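Student: Please find one structure pasted underneath; my questions will follow.
The values are calculated or read from the model by the stated rules, or taken from the named source; none is laboratory data. Model, not experiment: these values are computed from the prediction. Positions of Cβ are backbone-derived with ideal geometry, glycine not excepted, and every protein chain shown enters the neighbour counts. The area values use the complete protein model at the heavy-atom level, side chains included, leaving out ligands, DNA and RNA. Shrake-Rupley method; radii C 1.70, N 1.55, O 1.52, S 1.80 Å.
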Amino acid sequence: MSWAKRVLRVDLSSGRCKEEPLNMEWAQEYLGQRGLATKYFVEEVDPKVDPLSPDNKLIFTTGPLTGTMASTGGRYSVVTKGPLTGVIACSNSGGYIGAEIKMAGWDMIICEGRAEKPVYLWIQDDKAELRDASHLWGKTTWDTEEIIKNSHQDPQIRVSSIGRAGENGVLYACVVNDLHRAAGRSGVGAVMGSKNLKALAVRGTKGVGNIKDFKTFMQVTKEKKQILADNAVTGQGLPTYGTQVLMNVINEIGALPTRNSQDVQFEGAGKISGEAMHEKRPTDGKANLVTNNACFGCTIACGRISQVDKSHWSVENSPKYWGATGGLEYENAWSLGAANGVDDLEALTVANMICNEDGMDPISFGATIGAVMELYTMGVISKKQLGMDAPFGSAQALVDLAHMTAEGRGFGPEIAQGSARLCEKYGHPELSMTVKKQEFPAYDPRGIQGMGLTYATSNRGACHLRSYTVASEVLGIPVKTDPLETDGKAELVKAFQDATAVFDSSGLCLFTSFAWSVEDVQPQIDAACEGDWTMDKLMTVGERIWNLERQFNLAAGMTAADDDLPKRLKTEAAKSGPAKGLTSGIDKMKPEYYQIRGWDTNGVPTAETLSRLGL
Amino acid sequence: MQQALLIDPEKCTGCLQCEMACSYENYQVFNIAKSRIKVFNFEEAGRKVPYTCTQCAEAWCMHACPVEAIVLDGATGAKIVLDDVCVGCKVCTIACPFGTINYVQDSGKVQKCDLCGGDPACAAACPTEAITYVDANWTGLDKMRAWAGRTDTASQANA
């Protein structure tokens, strides 16, 4: 079983919390977490809803393996309609709160309406209530967590909250849990802010006990943990360097988007790499990296705990940044660094801390700064407007603009709109490196062709976590494909998308997929969950979820024209590296992809496809 | 030969597999709220520290118990709580200097680490060897080895 079989429905408008049984029929069709919450969401919410209106809903959801001893079984997701993108949003996070929600006896928390005044949701096992949060409004996620734990006199409470970015309507605000883990993308934090919901505080003591076959589950999860331990990526690369193991690798293959994608290689990559985080600083003799860190149940431990140089200009007068806390992951090091031409590792670490502290997606924020710097260089945005010089490479501008964006000061509210809206406003929509208004992450589609199709077709806007073909195209997992080649990428992307939907619906972390395939996840789900969970059933679940999300997006008004990349990637060739001279072959891959998906030429699932998937 | 839990916080990642294993071993449920070993997160220092009963030879809890519900397991050296004798008076929880014996509201008894009868589930579940189960007379062996390597004058002379 493994599902708690209970849903908590929170009506923020009336202040009522009530328990409902989980729809077990849907659980068999959508598994949990991303899939199951999306099913609830599309059944209950009008696709045309204004994301920041009370009619939008916000779902916190766990998977059936969340809170179990399966490795990485601590994930939860936040599902809603994204204000940045106008399409389905589903942001996944680790840390500890996912397991805590499950151990309190809940699979899912559906928040609807809008509270009149700021509130936080307090869950203690079966008891759930909304409490006044006026004293928390205006506080950072770090302060919010501390104040809640202190006021309840319980350090074992887990907290997810929004910072000032979520309160101020930053369109890429995230929901931060356990100080430095985040449901990061598409602006789920802005939706939470629009509902006047400051935080979710949970203490769960009931545990997860309803495993279908405990003995088999213990045995199979142990075997699968061994696979993670023995694998070079999950057993060595990720614990040692975190995802930052990729910085030098991706730069070398010429797929590191640099200075708002003007270049595909960054001369400063080495200085902001995972290796650099291990090096002792000349200033204080300490390394940026303090230690690695695991989320709940994770036997990989890719997380970074960093401590900045106290004498660095960005923090010398701010002791609150002096302690150890969440450090740079690859995406953030890229978005705050290479995307802006900034190579100051300490400044990037601090900018990342500001994003954690105030709940802001560093990918979208950093990439938006890249666009701002290009517009500044072109003379479109002036020093007077910004209140500072902001050429590419300015660490000072990066850190100052991070504060201003989160806090809503000066030019900050314009940056808070994301690069698509900002570039549109200043007459240069072509300079926004986005798909469906969401900034794309750290892989240039000219140097890794599959990622172009990944971004263009991702159901939540540009994203690497919907089909991480980098695994195949760069790392050779499960088989090596040529990153410069477009042939075969449509099949590859579809296969990765469907498999990823399974991982994201299970309660496990996608990073296990460096070592595990769905074949490794299947026996863990089958031992834990009631029903007969075969590979066929799971892969159909994955494809069904993908098409369900697609249908929602089409109903929300998205068309095939939105499955596209910025013009720059299609017309300006890569200037250096192995991809020199290449542009993205998206126009060739897209029709193939639609066909393989069983969609018509407008990207609409055919009646046959829908019927095959039971949609 | 008795063995003891050896905890090396340097290796702990904070994954809590030990806490889940402990609760599963004793209650057949994944429930860190029922674990007898706890991992403490010293966030600002970037340190995770697992902590549980060290099985004192002259155990305060055992001596303090008014009904002799805490007894020595001769094979493992563990001080174990006899649930059918414990009256839940909590005097042991006051006596223990380390806080590693605690009251359980559900059962009305106290609980503490009993070394799982000689095969501790926490050590088996730890993915990084932050928790190991070693010769009770030689818990310092690894540290000694490390220092022996560092202070070996012959190797220094040859360096």
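Student: With Cβ to Cβ distances under 12 Å as the rule, what net charge do the other residues near A:Lys39 carry (K, R +1; D, E -1)?
Tutor: -3
Student: If you take the beta carbon distance between B:Ala45 and B:Leu141 as r and set R0 to 41 Å, what does 1/(1 + (r/R0)^6) give as a FRET efficiency, to the nearest 0.05?
Tutor: 0.95
Student: Same structure, new question: So how much accessible area does A:Phe214 have, in Å² to the nearest 10, using a 1.4 Å probe?
Tutor: About 40 Å², rounded to the nearest 10.
Student: Right, another one. If each residue of separation counts as 0.36 nm, what is the full-extension length gain between A:Ala573 and A:Ala232 once their alpha-carbon separation is subtracted?
Tutor: Once the chain is fully extended between A:Ala573 and A:Ala232, it gains 119.4 nm.
Student: Pop the C-beta distance of B:Asp119 and A:Lys18 into the FRET formula with R0 = 41 Å and round what comes out to the nearest 0.05.
Tutor: Between B:Asp119 and A:Lys18 the formula returns 0.35.
Student: In terms of solvent-accessible area of protein heavy atoms at a 1.4 angstrom probe, what is the ranking of B:Phe98, A:Phe411, highest value first?
Tutor: Largest accessible area first, the list is B:Phe98, A:Phe411.
Student: If you don't mind, there's one more thing I want to ask. Please give the direction-averaged projected area of the C-alpha convex hull for the protein assembly as shown, in square nanometres with one decimal.
Tutor: Mean orientational projected area (the protein assembly as shown, Cα hull): 33.7 nm².
Student: Hey, what angle do you get for helix B:17-27 against the long axis of chain B, alpha-carbon based, 0 to 90 degrees rounded to 10?
Tutor: Between the helix axis and the principal axis of chain B, the angle is about 30 degrees.
Student: Scan chain B and report its longest stretch carrying no GluC sites (Glu not before Pro) that are both in a DSSP loop and have at most 13 other Cβ atoms within 10 Å.
Tutor: B:69-128
Student: Provide the per-residue ³J(HN,Hα) series for the range A:258-267, in order, calculated from phi with Karplus coefficients 6.51, -1.76, 1.60 and θ = phi - 60°, each as a whole number of Hz, with x at glycine and proline positions.
Tutor: 10, 6, 6, 6, 6, 10, 10, 9, 10, 5
Student: While we're on this one: Output the antiparallel fraction of DSSP beta bridges having both residues in the protein assembly as shown, as a percent to the nearest 5.
Tutor: So the antiparallel bridges in the protein assembly as shown amount to around 85 percent.
Student: Sticking with this structure for a sec: If you project the alpha carbons of the range A:6-203 onto their three principal axes, what span does each projection cover, largest first, in Å?
Tutor: 42, 39, 29
Student: So between A:Glu316 and A:Glu129, what do we pick up on full extension, going 0.36 nm a residue minus the alpha carbon distance?
Tutor: Extra length from A:Glu316 to A:Glu129 when fully extended: 63.2 nm.
Student: For chain A, what does -39500 (n - 2.57) per DSSP helix run (n ≥ 4), summed and divided by total residues, give at 222 nm, in deg cm²/dmol to the nearest 500?
Tutor: So the helix-based figure for chain A works out to -11000 deg cm²/dmol.
Student: May I ask you to compute the full-extension gain from A:Lys215 to A:Arg9, defined as 0.36 nm times their residue separation minus their alpha-carbon distance, rounded to one decimal in nm?
Tutor: 70.8 nm
Student: If you don't mind, there's one more thing I want to ask. Apply the Karplus curve 6.51 cos²θ - 1.76 cosθ + 1.60, θ = phi - 60°, to the phi angles in the range A:441-450 and return the couplings in whole Hz, x for Gly and Pro.
Tutor: Karplus values, whole Hz, x for Gly and Pro: x, 8, 9, 7, x, 7, x, 9, 4, x.
Student: Something else now. Between A:Gln396 and B:Phe98, take the C-beta separation as r, use R0 = 51 Å, and let me know the FRET efficiency to the nearest 0.05.
Tutor: Rounded to the nearest 0.05, the efficiency is 0.55.
Student: OK, next. Going by accessible area, probe 1.4 Å, with all protein chains left in place, what is the ranking of A:Ser517, A:Ser151, A:Ser93, largest first?
Tutor: Greatest to least solvent exposure: A:Ser151, A:Ser517, A:Ser93.
Student: Peptides A:6-19, A:152-165: what's the order by average Cβ count within 10 Å, highest mean first?
Tutor: Descending packing order for the listed peptides: A:152-165, A:6-19.
Student: Take every residue in peptide A:282-291, count the Cβ atoms of other chains within 10 Å of its Cβ, and give the average of those counts.
Tutor: That works out to 1 on average.
Student: Please identify which residues in the range A:586-615 have an amide N closer than 16 Å to a label point set 7 Å out from the Cα of A:Ala561, following the Cα→Cβ vector.
Tutor: Backbone N within reach: A:602-604.
Student: For the range A:443-613, what value does the Rg/Rh ratio take when both radii are computed over Cα atoms and Rh is the Kirkwood radius, given to two decimals?
Tutor: Taking Rg over the Kirkwood Rh, I get 0.98.
Student: Ok, one more. How far apart, in nanometres, would the label points at A:Glu485 and A:Lys149 be if each is projected 7 angstrom from Cα along the Cα-to-Cβ direction?
Tutor: Once both label points are built, they end up 5.2 nm from each other.
Student: For the range A:129-284, would you read off the P(r) tail past 20 Å as a percentage of all alpha carbon pairs?
Tutor: Percentage above 20 Å: 69.
Student: Moving on. Which whole number gives the average count of other chain Cβ atoms within 10 Å of the Cβ atoms across peptide B:40-46?
Tutor: Rounded to a whole number, the mean comes out at 6.
Student: Filter the cross-link list A:Lys48/A:Lys537; A:Lys149/A:Lys437; A:Lys494/A:Lys588 down to pairs whose alpha-carbon distance in this structure exceeds 27 Å.
Tutor: A:Lys48/A:Lys537; A:Lys149/A:Lys437
Student: Something else: Show the residues, 5+ positions off or on another chain, whose built amide H is closer than 5 Å to the amide H of B:Phe40.
Tutor: The answer is B:Val49, B:Tyr51.
Student: How large is ³J(HN,Hα) for each residue in the range B:71-76, as worked out from phi by the Karplus curve 6.51 cos²θ - 1.76 cosθ + 1.60 (θ = phi - 60°), to whole Hz, x for Gly and Pro?
Tutor: Residue by residue, the range B:71-76 yields 10, 8, 8, x, 6, 9 Hz.
Student: Any idea of A:Lys575's accessible area? Nearest 10 Å², probe 1.4 Å.
Tutor: Approximately 120 Å² of A:Lys575 is accessible to the 1.4 Å probe.
Student: Then there's this: Give me the distance in nm between label points sitting 7 Å out from Cα along the Cα-to-Cβ direction at A:Asp46 and A:Ser382, one decimal.
Tutor: Reported label-point gap for A:Asp46 and A:Ser382 is 4.4 nm.
Student: Let me ask something else. Would you mind counting up the charge near A:Leu171? Only other residues with Cβ under 9 Å from its Cβ, with Lys and Arg at +1 and Asp and Glu at -1.
Tutor: Spelling it out: positives minus negatives among the neighbours equals +2.
Student: What is the spin-label model distance, in nm, from B:Val134 to A:Thr283 if the labels are put 7 Å beyond Cα along the C-beta direction?
Tutor: Output for this residue pair reads 3.8 nm.
Student: Across the residues of A:130-142, average count of Cβ atoms on other protein chains within 10 Å?
Tutor: 0
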